[in-house]
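Have a look at the structure below before the remarks.
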Amino acid sequence: MNAIGKIIDEHAVRCEEKTLVSSKETVQAFADIVSAIVDSYEAEPITRYIDVGCLPSHAAIIEIIRLLRELLFPGYFGRQGLVSGSIAYHVGALLDDIRDKLQAQLLNALRHEVMSKCGRVEGIENHAEKISYSFLGTIPRLRSTLATDIQAAFDGDPAASNTDEIIFSYPGFKAITVYRIAHELSILKVPLIPRIMTEYAHSVTGIDIHPGSVIGDHFFIDHGTGVVIGETAVIGNNVKIYQGVTLGALSTRAGQSLRGVKRHPTLEEGVTVYSGASILGGETVIGAGAVIGGNVFITKSVPAGTRVSVKSPELQYRNHMPQEFTQEPPDWVI
Amino acid sequence: MNAIGKIIDEHAVRCEEKTLVSSKETVQAFADIVSAIVDSYEAEPITRYIDVGCLPSHAAIIEIIRLLRELLFPGYFGRQGLVSGSIAYHVGALLDDIRDKLQAQLLNALRHEVMSKCGRVEGIENHAEKISYSFLGTIPRLRSTLATDIQAAFDGDPAASNTDEIIFSYPGFKAITVYRIAHELSILKVPLIPRIMTEYAHSVTGIDIHPGSVIGDHFFIDHGTGVVIGETAVIGNNVKIYQGVTLGALSTRAGQSLRGVKRHPTLEEGVTVYSGASILGGETVIGAGAVIGGNVFITKSVPAGTRVSVKSPELQYRNHMPQEFTQEPPDWVI
Amino acid sequence: MNAIGKIIDEHAVRCEEKTLVSSKETVQAFADIVSAIVDSYEAEPITRYIDVGCLPSHAAIIEIIRLLRELLFPGYFGRQGLVSGSIAYHVGALLDDIRDKLQAQLLNALRHEVMSKCGRVEGIENHAEKISYSFLGTIPRLRSTLATDIQAAFDGDPAASNTDEIIFSYPGFKAITVYRIAHELSILKVPLIPRIMTEYAHSVTGIDIHPGSVIGDHFFIDHGTGVVIGETAVIGNNVKIYQGVTLGALSTRAGQSLRGVKRHPTLEEGVTVYSGASILGGETVIGAGAVIGGNVFITKSVPAGTRVSVKSPELQYRNHMPQEFTQEPPDWVI
C-alpha cells in the first residue's frame, strides 16, 4: 500500500474508534495528560521556548503600530479634536510612550538573537536605545513618503471621495504604512519584529509585503487581498498594483541555500500591474511605464513602455438552457 | 543612472550607515524628534486632522456592526437563551443603544463632510436623527433579504450541515450582512461610514464589496477570500460567486475623471461565477443563467444561458524523477 | 422589463426618496420599529434562535484556541520566561482552564445538535467530558506533527531566518495549527465548533481549510492568502502549496445532494502546487512528487513525478509611449 493509502486507512481507523475516556478515570487521565505534554516538551525542542529567555510580544508590537499610526496621522486615529496650540504636548507624550514600548520589545528581540537568558547582556540596553532613537528620527520622512502614497491612491481610484477616506479605511494604505515602519526597522537590523509587524498587516489586509523589499514613493495597492511582495523585490516610484498580484520567486525548492540571493523581480517607475498577475524571478525587470494585464504570468523581463496582456483568452462558449437556477442542476460540471 | 538605480543605491547607503544616535544625546534627541514631527504636521496637510473637528471612530462603528448582528440574528450573537415572552424588551434595549451610537457617528461623519469644527452645525443633529430612524426602519426588510441569502448558501453548499452554521461561521454571509447594512446607509447618502463598514468586513473576510454596488436577493459567496465587487456593479437575484472573483473596472488610469461613471459589470439573475474569474467593464453584461468557469477573464458581454470556460487549458506535462522530495531540488524552476 | 431592470429601477427610486422620518414622530417611530422587528422574528424562523437553547460562543472558542497555542508552543505565546523546574505546574493550570472552557462549549454544541432547551439532557455532560479528555490526550501527538510542519516551512522558505519566526508569525503555520486542532474535534464528531475554529483561522490568515480534510505531516503553506482546501480533500506527507491555490469541487450546483460524496482532490506525498493553481474534482489524484505550476487549472489526474505548467503563456506585447505616469492616461484599457 502506498503512503497516501496508509494516511487514509489510519484516518478511517481513528474515525471508527469509539473508546472515549471513561469519566471515572478522569483524575488519573488528567495527570497522565499533563505528564505526556511535559514529556513532549522534552522530545520536541523546536516547538518549545523554555529555559531560554524572552521573546517579543505580539500584543505589544500591535499596540506600538497602533500608537505609531496615531503619531503619523494625528486626529485620524486615537485622540480626536486636536488643536495646533497644544499639539507638541500630545506628540511628546505619545512619543515617550512609543519609545518605552519599542525599547522593551527591541530588548527582547535582541536578547533572543544572542540566544541568551532574560538577564542582562552587556551593552544591549544601550543598543536598543540607539535603535529606537534612530527609528523615531525617521518619522517626519515616513510622513512625507506616506503623503505621496495617499496622493497616488486618490489620483488612481475613482471610488475615493477624498483623502480622509484613504487614510481611514483603505487596506492597501494600511499595509503600506506598516511595511514602511517595518522596513525602517529592518534597515536597522532589528530581528523578528519587522516580520511580526508585516504579518500583522497581512492578517488584517490580506496583503503580504516582506519588510526587506525596497519600495519607492507614490505606491498604490488597490483592493489588495492576495498581494504578495517577496523579500528581495525592488519597486520604483509611481507603481500601482491590484489584488492578487504576486511578485515572487521562480522556485524555492532549493530552500535555505537561496538565502540572500535576489529571487524576486524589479518593477521600474510608473509600472501598473493588474489583478491576478504573477511576476517571478530575481532577474526579471519590468521596464519603466510598462503595463502588465490581468492574470498575466511573467518570468522574463519586459522592456520599458510595453503593454503585456494575455493573448486572445481562448474562451469556449456553450449554450445551456437552465430551467430553474437554484433547484435543478444542469448535467455538466464547472 | 536611472530612477530605480537611485532607489537601490540610496537604500544600500542607508543599510550601511552605522551612526546610531549616541545614548548621551538622547534628551536632546527626544526634543529634536518632537519638534521635527510637529513641523512635519505643518508641512504635510493631507496626513493630519488638526484644528478641523471630529471624525467617525472605527471602534464605535465596529461596535455598531456587532450590535446590529445581534439585532438581526437574535440568539446567534450576543445574549443567549432568549425567549419569546420577553423578546420585545431585549429588542427595545438593543435598538436604543444602537440608535444612540449610530447617531453619534452619523454626527461626526456629517460634520466632517461640511468641513466644520466639532461645535454645533445648524440642523445637523436633526438630520442625523432622521437618518438613523430611516435606517433602523429597514431592519425587518434586511432580515427578509438576509434569510434568502442564508437559504441560497445552504442550497448551494454541500459542506453546510445546517443554516445555523452559515449564520455562525460563513465569511461570505458575514460580508453580505455588512454590505447590506452599509448599502442602506449609502442610499441615505451617509459619508465615510459605509466604506469603513465594508472595509471592516473586507479585513475579517477577505471579501471586498463596495457599499455602492447593487445586489439582489439569494446571493451566495462561497469561501470568498479575494472577491472584489466594484462600486458600480449590479447583481441580480440568485447569483453565486466563488473565491478570487473580481467584478472590476477595465482601467482606472483615468482616475478621478471616472467618478460616477459605470465602470463595473452587470450580472443578471441566476449567474454562477467560479473561482478566480475576472469580469471587467461597465458595459459588460453577463446574461441570466450564464455560468463563468474558473480563471476565465472576460471584458465583453455574454448572452443569457451561456457557459464560458477556458478552452483547452494547454498544459505542458514533463517527467522528472524526484529522488528526495525535501532535500534535493530538481534542476528546473517553477 | 426583466428582473435586473426591476432591481435597478427599485434602487433608483429608493435613492430618490427624500422623505426621512420627522423628528417629532420619533417616539412613535421607535415603538413601531421595535414591533416590526419582533414581528420579523416571527416571520423569518431561519434567522432567529429564540426559545431553542444555547449555542457555542465565538469569543470562548477563540479563547480556547489562544490557550491551546500557549499549551502547544510554551514560551512563544502567553506566559514568557518559562523554566523546566516549574513547567508541570504551568501545564496543569493551563490544561485545567482549557478543559473547563472546552467542556462548556462542547455542551452547548451537543445540546444544539439534539435541538433541546438549555436545560439538562441525559448523559450529555458525561459525553462532553469524554470528548474533552479524548481531545486533550492527542496534544503530544499534535505537537510532534506540528514540529514536522515547522521543519518543512524552514526547509522550504529561504526567507525564514529561524524556526522561531515561523511559530511566531507565519500565517500558514497558524492556519495549519488551527486545522489540526479542529480536525481532531471533527474526528470526535463534535458539531459546529471545528468549523468555527477553521473559519476563525480563515479570517486571520486568508487560508480556508475545512476541518474534515485529511492532511499528512511536513505540510507547508507559503504566504497562503486565498488558499482553499475542501472538505473531502486528502493530502499526503511533504506537500507544499502556495497562495491562491484551490483544492476544490468541480461543481456544487447539485448542492445538498452531494453531501458526503468525495468532491475534492487527492495530493500524494511530495507534491508542490504553485500560486493560483486550481485542482478540482473528487476523482482527481496528483501523483507523488508531481509539481503543478502557477495558475494551472486541472480537473484530471496527473501521474507521479510529472511537472505540469501552462504551455507558452501566449502573451501579447505592445508598445506605448507614456508621457506622464500619473497624470495622462493612455487611450487604451487594461
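The values are calculated or read from the model by the stated rules, or taken from the named source; none is laboratory data. Note that this is a predicted model, so its numbers are computed, not measured. So basically every Cβ, Gly included, is an ideal-geometry build from the backbone, and we count neighbours across all protein chains shown. Just the protein is used for accessible areas: all its heavy atoms, side chains included, with ligands, DNA and RNA removed. Shrake-Rupley method; radii C 1.70, N 1.55, O 1.52, S 1.80 Å.
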Of the GluC sites (Glu not before Pro) in region B:43-143, which ones lie in a loop per DSSP and count no more than 15 other C-beta atoms within 10 Å? B:Glu122
Karplus couplings for region C:262-277 from phi (6.51 cos²θ - 1.76 cosθ + 1.60, θ = phi - 60°), rounded to Hz, Gly and Pro as x? 6, 10, 10, x, 10, 10, 7, 4, x, 6, 10, 10, 7, 4, x, 6
Residues whose modelled amide H sits under 5 Å from the amide H of B:Phe297, counting only those 5 or more places away in sequence or on another chain, are B:Ser278
Is the shape of region C:1-112 rounded, prolate or oblate, going by the alpha carbon gyration tensor and its root eigenvalues a ≥ b ≥ c, with a/c under 1.5 for rounded and a/b larger than b/c for prolate? prolate
Can you give the mean number of other chain Cβ atoms that lie within 10 Å of the Cβ atoms in peptide C:147-153? 3
Under unit Cβ charges (Lys, Arg +1; Asp, Glu -1), what dipole magnitude, rounded to 20 debye, does region C:89-183 have relative to its Cα centre? 380
Rounded to a whole number, the mean other protein chain Cβ count within 10 angstrom for residues of A:95-101 is 1
Going by a ≥ b ≥ c, the root eigenvalues of the Cα gyration tensor, does chain B fall in the rounded group (a/c under 1.5), the prolate group (a/b larger than b/c) or the oblate group? oblate
Suppose you put the label 7 Å out from Cα in the Cβ direction; list, shortest first and in nm with one decimal, how far B:Thr26 is from each other copy's label. 5.2, 5.2
Interchain or sequence-distant (5+) residues whose placed amide H lies within less than 5 Å of the amide H of A:Arg307 are A:Val291, C:Arg318, C:Asn319, C:His320
Förster-model FRET efficiency, 35 Å R0, C:Lys6 and B:Arg318, C-beta, rounded to 0.05: 0.05
Identify, among C:Phe168, C:Ala182, C:Gly206, the residue whose Cα sits farthest towards the positive end of the charge dipole of region C:166-237, taking +1 on the Cβ of Lys and Arg and -1 on the Cβ of Asp and Glu, with the dipole about the Cα centre. C:Ala182
Enter the buried accessible area of the A/B pair, total of both sides, probe 1.4 Å, in Å² rounded to the nearest 100. 8200
Point-to-point label distance, A:Ser301-C:Lys189, nm (Cα→Cβ direction, 7 Å offset): 6.4
DSSP loop GluC sites (Glu not before Pro) in region B:267-305 with at most 13 other Cβ atoms within 10 Å of their Cβ, which ones? B:Glu283
Among C:Val13, C:Tyr317, A:Asn237, the residue whose Cα sits farthest towards the positive end of the charge dipole of the protein assembly as shown (+1 at Cβ of Lys and Arg, -1 at Cβ of Asp and Glu, taken about the Cα centre) is C:Tyr317
Relative contact order (percent, whole number), chain A, Cα cutoff 8 Å, 6+ residue spacing: 9
Of B:Lys240/C:Lys262; B:Lys240/C:Lys174; A:Lys240/C:Lys240; C:Lys189/C:Lys300; C:Lys130/C:Lys240, which pairs sit farther than 28 Å apart, going by alpha carbon to alpha carbon? B:Lys240/C:Lys174; A:Lys240/C:Lys240; C:Lys189/C:Lys300; C:Lys130/C:Lys240
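Given charges of +1 on the Cβ of Lys and Arg and -1 on the Cβ of Asp and Glu, with all other atoms neutral, how large is the dipole of chain C about its Cα centre, in debye to the nearest 20?
Numbers: 29 positive and 37 negative charges, 175 e Å.
Result for chain C is approximately 840 debye, rounded to the nearest 20.
Rounded, prolate or oblate: pick one for the protein assembly as shown, where a ≥ b ≥ c are the square roots of the eigenvalues of its C-alpha gyration tensor, a/c under 1.5 means rounded, and failing that, prolate if a/b is larger than b/c, else oblate. Could you put the intermediate results ahead of the total?
Numbers: a/c = 1.09, a/b = 1.00, b/c = 1.09.
In terms of gyration-tensor shape, rounded.
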The ³J(HN,Hα) series, computed from each phi in region A:175-188 with the Karplus coefficients 6.51, -1.76 and 1.60 at θ = phi - 60°, rounded to the nearest Hz and given as x for glycine or proline, is 5, 5, 4, 5, 4, 5, 5, 5, 5, 4, 5, 6, 4, 7
Give me the inter-chain shielding for B:285-298: mean count of other chain Cβ atoms within 10 Å, whole number please. 5
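Starting from region C:88-163, pick out the trypsin sites (Lys or Arg not before Pro) whose DSSP state is loop and whose Cβ has at most 12 other Cβ atoms within 10 Å. Don't jump to the answer; show the numbers that get you there.
Details: sites: C:Arg99, C:Lys101, C:Arg111, C:Lys117, C:Arg120, C:Lys130, C:Arg141, C:Arg143; in loops: C:Lys117, C:Arg120.
Counting only loop positions with at most 12 other Cβ atoms within 10 Å, the trypsin sites (Lys or Arg not before Pro) in region C:88-163 are C:Arg120.
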Taking the protein assembly as shown and counting helices only, DSSP H stretches of n ≥ 4 at -39,500 (n - 2.57) each over all residues, the nearest-500 ellipticity at 222 nm comes to -14000 deg cm²/dmol
Say the dipole of the protein assembly as shown comes from +1 at the beta carbon of Lys and Arg and -1 at that of Asp and Glu; which of A:Ala88, A:Gly75, A:Ala159 then lies farthest toward its positive end? A:Ala159
Put a label point 7 Å from Cα along the Cβ direction on A:Ser161, then list its distances to the equivalent points in the other copies in nm, shortest first. 4.3, 4.3
Which value, in debye to the nearest 20, describes the size of the charge dipole of the protein assembly as shown about its Cα centre when Lys and Arg Cβ atoms bear +1, Asp and Glu Cβ atoms bear -1, and nothing else is charged? 640
Provide an ascending nm list, one decimal, of label-point separations from B:Tyr89 to the equivalent residue in each further copy; define each label point as 7 Å from Cα along Cα→Cβ. 4.7, 4.7
